[in-house]
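Note sheet for the following structure.
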Amino acid sequence: MKLITHIEYHTVWGQDLYLRSGIREYPMKYAPGDIWTAEVDGLEEGQTFGYRYEVHEGGFCVRTEWLSHSVTVPECHADGPVAAGQDAAEVRDAVVERGVIEVRDAWSDVPEDLPLRSAPFAEGIFRKDGRSPWRAAGTAVPVFSLRSESGFGTGEFNDLKLLADWAAMTGQKVIQLLPVNDTTRTWSRADSYPYNAVSSFALHPQFIHLPAVGVEEDEEYLRLRRELNALPELDYERVNREKHRLLRKAFAETGAKVMASEEFKTFCRDNAGWLSPYAAFCVLRDESGTSDFSSWKGCEDGTHCNEDFSVYDADKVSGYARAHKKGIDYWCFVQYHLHVQLLEARDYARSKGVIFKGDLPIGVSRTSADAWVNASLFNMDSCAGAPPDAFSADGQNWGFPTYDWDAMAKDGYAWWKARLGRMSQYFDAFRIDHILGFFRIWEIPVDAGSGLLGHFNPSLPYSAAELAAKGFDLRKCAGRRRGRNVLFVPDPRRKGYWHPCISAKSARVYAALDAGGKSAFDSLYEDFFYHRHTGFWKESAMRKLPALLSATGMLACGEDLGMIPACVPETMAEYRILSLEIQRMPKKFGERFADPATYPYYSVCTTSTHDTSTLRAWWEEDREQTEAYWHEMLGEKGNAPETCSPDICRRIIGEHLGSPSMLAILPLQDWLSIDGTLRFADPEKERVNVPSDPHHYWRYRMHLTLEALLQQDRFNARIREMVSASGR
């Protein structure tokens with residue numbers, strides 16, 4: 001069966017149209033009247049063919065449709081109308097005749113007001129008054145940082161209801177959370193890092209509220225709760241150990257009844273794609289003593305499974321699950337209760353006019369159920385990281401495998417769509433962690449260690465012939481075994497292609513070049529790292545983002561801090577992805593501090609993040625910096641105060657609330673800073689993460705309970721007044 005599509009589109013000189021389906025692209029022919037036509041042969045009966053149109057210029061895609069089109073091939077020899085779907089861009093006409101399906105499409109543009117059409121607005125949680133740009137305030141806090149009287153040494157999904165009460169009381173509309181996925185790999189404090197999940201779908205058991213699962217609040221439970229809740233910080237290991245001990249006891253007593261319920265059966269059926277493999281992963285992890293599935297090769301001494309599970313095999317794992325039904329059922333039981341509790345918290349918050357904003361990590365753990373089950377979607381021979389910069393001379397190696405985007409494109413990014421679909425069950429907005437990763441990632445060979453020997457992926461490396469023509473002898477200046485003393489490193493997937501080594505200018509081999517050689521390399525280096533990929537990386541993101549962002553109704557926000565190529569803000573603006581604005585991390589060249597009054601409307605502004613010091617701690621970090629802020633941004637004379645007083649904090653927060661940004665979401669610690677009697681004595685103890693420490697223990701908790709916070713009438717009235725006065 002042949003598909004012929006027609007679309008009206010006015011191009012400018014040098015532009016062409018292509019039809020894209022997965023990794024395949026089909027050139028289109030132009031006809032007078034700005035009509036472009038594509039032909040696709042070889043479609044099969046019953047096949048649903050999805051596609052988008054792209055505009056190409058200068059060898060790169062410069063524009064793509066927002067929504068995709070789809071056509072379902074009818075039975076052979078059937079003539080007349082055909083199901084021409086809506087994935088759903090508008091399809092004006094579709095007819096099949098004599099083995100040919102002919103379709104007339106209309107181009108699908110990104111709506112100008114896309115963020116205002118997202119789920120919170122479409123479902124009536126947020127309402128626009130039409131008189132002024134809609135804006136809202138919110139609070140950012142990790143779930144584990146919450147403290148309540150009913151908690152168990154850590155924040156729980158149940159606590160989000162109290163937080164929603166406080167948000168509503170103070171006029172806020174958004175609660176922003178860190179990732180809430182299961183990170184249990186070693187059963188140690190190393191698992192406290194929330195961006196290294198063992199499943200992108202499973203929720204973390206530490207957030208479960210035990211009494212709601214059937215754990216009896218007896219004397220032992222109450223004693224443990226008092227002891228753990230009294231700790232100033234989270235004891236990750238003990239909390240999780242005790243929770244699972246009590247959960248297994250509750251499972252033994254109530255599991256059969258829960259699993260017999262229609263609600264549980266529906267949950268398992270709807271989530272079977274990830275739930276069953278995840279449960280098997282957990283049992284194998286605990287049985288073998290490691291989440292590193294590459295070592296699950298079996299054992300003859302009977303200490304654990306005798307079969308080889310290092311490579312996922314659905315049939316073999318199903319057999320294992322049947323033989324270990326009790327263990328599998330336990331993990332499904334836990335995930336079901338987590339789902340119910342988070343859904344209840346979401347619905348409660350929505351009833352108060354408050355939404356949850358989630359966090360989408362860019363990476364997936366190398367020893368995760370995702371990588372085990374979907375190994376073909378990841379480059380397991382590589383690690384994601386960051387190139388060297390002023391803060392890290394060797395670059396960063398995060399350890400995550402990189403994505404094989406071409407493999408993911410073959411099924412229309414089904415894994416990503418499923419991941420986002422799962423997320424959208426609980427969140428109405430989400431933060432895209434390291435959005436630059438959708439354009440390109442710094443990829444390091446798994447055996448290289450140092451980030452210095454990495455390269456950009458995707459990229460446009462030079463062929464050996466190109467480099468030879470420029471006078472470079474690769475036998476003398478290229479390779480990986482030479483360590484850091486190289487000008488070029490090999491592309492791991494394209495034999496005969498080479499990347500300039502990012503640290504080449506500090507290498508001995510560079511110092512040995514004559515003036516002409518240095519000049520030639522400098523020119524090539526400048527082109528490669530600052531110019532060569534601009535259009536290419538934008539095209540890379542445009543191939544993915546429309547399909548992913550249009551798959552759910554969540555409001556999309558991007559983490560776009562640091563040194564980023566110009567194509568990133570351009571693409572974010574095109575797809576109406578809210579940017580992240582932080583005053584101490586300005587985006588304009590030459591600025592020391594950003595001015596909140598100049599922030600774009602489609603943005604999220606904040607005073608600090610989980611990766612930075614809090615507002616008060618930042619004030620005390622660098623005296624010279626604080627003096628500059630005191631004079632330049634606050635317009636004050638004389639010496640800046642030694643500490644950031646409540647009055648100063650109120651002033652800074654007020655300026656952020658008054659910004660044009662659609663969302664002003666501040667860390668809970670910074671909200672508390674405006675009250676001298678409420679804020680914690682030591683601002684250094686309020687920090688959530690220290691990125692320079694790869695072994696940082698994520699354990700910050702509120703120093704007062706949510707119940708106590710709700711009773712702070714004067715403080716809460718002041719926040720409500722500030723939010724209201726700002727028009728949010």
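Applying the criterion of being in contact with a Cys (Cβ under 9 Å, 6 or more places away or on another chain) and β-branched (Val, Ile, Thr) to the residues of region 547-584, the residue that is farthest from SER424 (Cα to Cα) is ILE582.
The set of residues in region 631-671 being part of a helix (DSSP H, G or I), in contact with a helix residue (DSSP H, G or I) (Cβ under 9 Å, 6 or more places away or on another chain) and not polar (S, T, N, Q) consists of ILE648, CYS649, ARG650, ILE652, ILE653, GLY654, GLU655, HIS656, LEU657, LEU668, ASP670, TRP671.
Among the strands (runs of 3 or more DSSP E) lying completely within region 91-143, list those that include at least 2 residues that are farther than 22 Å from ILE355 by Cβ and either polar (S, T, N, Q) or modelled with pLDDT of 90 or more (or both).
Numbers: elements: 91-97, 100-105, 136-140.
Those strands (runs of 3 or more DSSP E) span 100-105.
From the list ALA375, ALA393, the one residue that fits, being more than 19 Å from ILE432 (Cβ to Cβ), free of Cβ contacts under 8 Å to residues at least 24 places away in the same chain and over 18 Å from the mean Cα position of the chain (by Cα), is ALA393.
Of all residues being farther than 30 Å from LYS173 by Cβ and small (Gly, Ala, Ser) in region 519-565, which is surrounded by the most Cβ atoms within 10 Å (Cβ to Cβ)? Just the residue, please. Result: SER540.
Per-residue answers, yes or no, for (1) touching a residue at least 24 places away in the same chain (Cβ under 8 Å); (2) buried (at least 17 other Cβ atoms within 10 Å of the Cβ):
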site: PHE121; (1), (2): no, yes
site: LYS128; (1), (2): no, no
site: PHE152; (1), (2): yes, yes
site: ASP159; (1), (2): yes, yes
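Assess whether THR186 counts as being outside the structural domain of THR64 (by TED's automatic domain parsing) and surrounded by fewer than 22 Cβ atoms within 10 Å (Cβ to Cβ). Yes, satisfied. In region 645-659, the residues that are closer than 20 Å to PHE680 by Cβ form Cβ pairs under 6 Å with partners that are at pLDDT 95 or above and of a type in the set (Ser, Thr, Tyr), at six or more places apart or across chains, as follows: CYS649/SER673. Cβ-Cβ distances below 6 Å connect the following pairs, each with a first residue in region 687-703 that is farther than 22 Å from THR139 by Cα, a second residue that is in a loop (DSSP other than H, G, I, E, B), and a separation of six or more residues or different chains: HIS696/ASN689; HIS696/VAL690. Only one entry in TYR336, TYR348, TYR330 is in the same structural domain as GLU287 (by TED's automatic domain parsing), crowded, with 19+ Cβ neighbours inside 10 Å, outside any strand (DSSP E or B) and over 24 Å from the mean Cα position of the chain (by Cα), namely TYR330. Within region 5-36, restricting attention to residues that are surrounded by 14 or more Cβ atoms within 10 Å (Cβ to Cβ) and hydrophobic (A, V, I, L, M, F, W, C), the residue that is nearest to ASP406 (Cα to Cα) is LEU19. Going residue by residue through region 702-719, is there one that turns out to be closer than 30 Å to ALA573 by Cα, in contact with a Gly (Cβ under 9 Å, 6 or more places away or on another chain) and either modelled with pLDDT of 95 or more or in a loop (DSSP other than H, G, I, E, B) (or both)? Taking every residue of region 702-719 in turn, none turns out to be closer than 30 Å to ALA573 by Cα, in contact with a Gly (Cβ under 9 Å, 6 or more places away or on another chain) and either modelled with pLDDT of 95 or more or in a loop (DSSP other than H, G, I, E, B) (or both).
Within region 227-250, residues that are of a type in the set (Val, Ile, Thr) reach partners that are part of a helix (DSSP H, G or I) with beta carbons closer than 8 Å, at six or more positions or on different chains, in the pairs VAL239/GLN206; VAL239/LEU228. Of the residues screened, TRP36 is one that is in a strand (DSSP E or B) and hydrophobic (A, V, I, L, M, F, W, C). Among the residues of region 575-602, those identified as assigned to a loop (DSSP other than H, G, I, E, B), farther than 22 Å from ALA617 by Cα and modelled with pLDDT of 95 or more are TYR575, ARG576, ILE577, TYR599, PRO600, TYR601, TYR602.
Of the residues that make up region 412-433, is at least one of a type in the set (Lys, Arg), out of contact with any Asp or Glu (no Cβ under 8 Å at 6 or more places or on another chain) and part of a loop (DSSP other than H, G, I, E, B)? If you could, list the steps in order and put the result at the bottom.
First, the residues of region 412-433 that are of a type in the set (Lys, Arg): 417, 419, 422, 431.
Subset that is out of contact with any Asp or Glu (no Cβ under 8 Å at 6 or more places or on another chain): 417, 419, 422.
This time we only want the ones that are part of a loop (DSSP other than H, G, I, E, B), so: none.
Checking region 412-433: not a single residue is of a type in the set (Lys, Arg), out of contact with any Asp or Glu (no Cβ under 8 Å at 6 or more places or on another chain) and part of a loop (DSSP other than H, G, I, E, B).
The rows are residues; the columns are (1) surrounded by fewer than 23 Cβ atoms within 10 Å (Cβ to Cβ); (2) of a type in the set (Gly, Ala, Ser).
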{"residue": "ALA409", "(1), (2)": "yes, yes"}
{"residue": "TRP416", "(1), (2)": "yes, no"}
{"residue": "LEU420", "(1), (2)": "yes, no"}
{"residue": "ILE435", "(1), (2)": "no, no"}
{"residue": "ARG440", "(1), (2)": "yes, no"}
{"residue": "PRO445", "(1), (2)": "yes, no"}
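When each of ASP611, ASP595, ASP560 is tested for being more than 23 Å from PRO115 (Cβ to Cβ) and of a type in the set (D, E, K, R), the lone residue that passes is ASP611. Exactly one residue among LEU668, LEU672 is touching a strand residue (DSSP E or B) at 6+ places or on another chain (Cβ under 6 Å) and not assigned by TED's automatic domain parsing to the domain that holds GLU149, and that residue is LEU668.
So for region 710-718 (the condition being in contact with an Asp or Glu (Cβ under 7 Å, 6 or more places away or on another chain), closer than 30 Å to THR183 by Cα and surrounded by fewer than 18 Cβ atoms within 10 Å (Cβ to Cβ)), does at least one residue qualify?
Of the residues in region 710-718, the ones in contact with an Asp or Glu (Cβ under 7 Å, 6 or more places away or on another chain) are 710, 715.
Now restrict to residues that are closer than 30 Å to THR183 by Cα: none.
No: zero hits.
The values are calculated or read from the model by the stated rules, or taken from the named source; none is laboratory data. A quick note: this is a predicted structure, and the numbers were derived from the prediction, not measured. A quick note on method: Cβ atoms are made from the backbone with ideal geometry, for glycine too, and the neighbour counts reach across all protein chains shown.
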